[in-house]
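A.B. asks: Got a structure for you, questions after.
Laboratory data are not the source of any read-out in this text; all were calculated from the coordinates shown. On a predicted model such as this, the values are computed, not experimentally measured, just so you know. Quick reminder, even Gly has a Cβ in these numbers, built from the backbone with ideal geometry, and neighbours come from all protein chains shown.
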Amino acid sequence: MSTKARHSDAPAGPPASPPDEEELARGLCASDEIAFAAVYRRWGSLVHTLASRSLGDPHEAEDVTQQVFIGAWRGRAGYRPERGPLGAWLVGITRRKIVDALAARTRRLALAESVAYDADGRRHDAGVEEVLDRVLLVDALSRLPRGQREVLCMAFYEDLTQAQIAERTGTPLGTVKSHTRRGLHRLREGIEQGRADERAAAREEKPHPTAHPS
């Protein structure tokens, strides 16, 4: 019998046990990408479940899950085992990211609400569903010129002031204010046009009354 055959007939040893939490924590702190992948496999489902229950939106939950593990990798040097286990640290990051996601959602709704008003504070079409407003908002925002879109996204999604936006982008403050004013005006126009299109489509879908013979 060849050496190869003898080796193939040898009984296999017991399967390697998965690394414990402390080992994974050490690997993460040492920037071990294999350990980090194991961390994701072990806690990814938990993080996604927590996010999904809190946000009620599978797409937002996926985004939060990604942000949690990106944050964990980037902030790995800040993990302190003596303060608690790795799983609890990840749950803490998850809660903070959920709070951030809810705050961003609130800002988006506030933006949708703000563009639903004229400059004099009068609301248009108060009975329009908020969901439609949000859909129209995203569509109108995507159609803005790049400068206006970037300024509004930083203002509402990152909660930056106009001065902070000017500092980050290197754009004069007057230009930032101009982009904000013009961008909001175009958003209002875009949402109003979208509402008009929706009403027209709804009228076309209504069945026409059938004429009855006299």
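A.B. asks: Among R146, R188, R168, rank each residue by its count of other Cβ atoms within 10 Å, from fewest to most, as a rough exposure measure.
C.D. replies: Ranked by crowding around the Cβ, least crowded first: R146, R168, R188.
A.B. asks: Could you compute the net charge surrounding A61? Neighbours are other residues with a C-beta less than 11 Å from the C-beta of A61; K and R count +1, D and E count -1.
C.D. replies: -2
A.B. asks: Let me ask something additional. So what are the ³J(HN,Hα) numbers for segment 62-78, from phi and the Karplus equation (6.51, -1.76, 1.60; θ = phi - 60°), rounded to whole Hz, Gly and Pro as x?
C.D. replies: 5, 5, 5, 4, 4, 5, 4, 6, 5, x, 5, 5, 5, x, 4, 5, x
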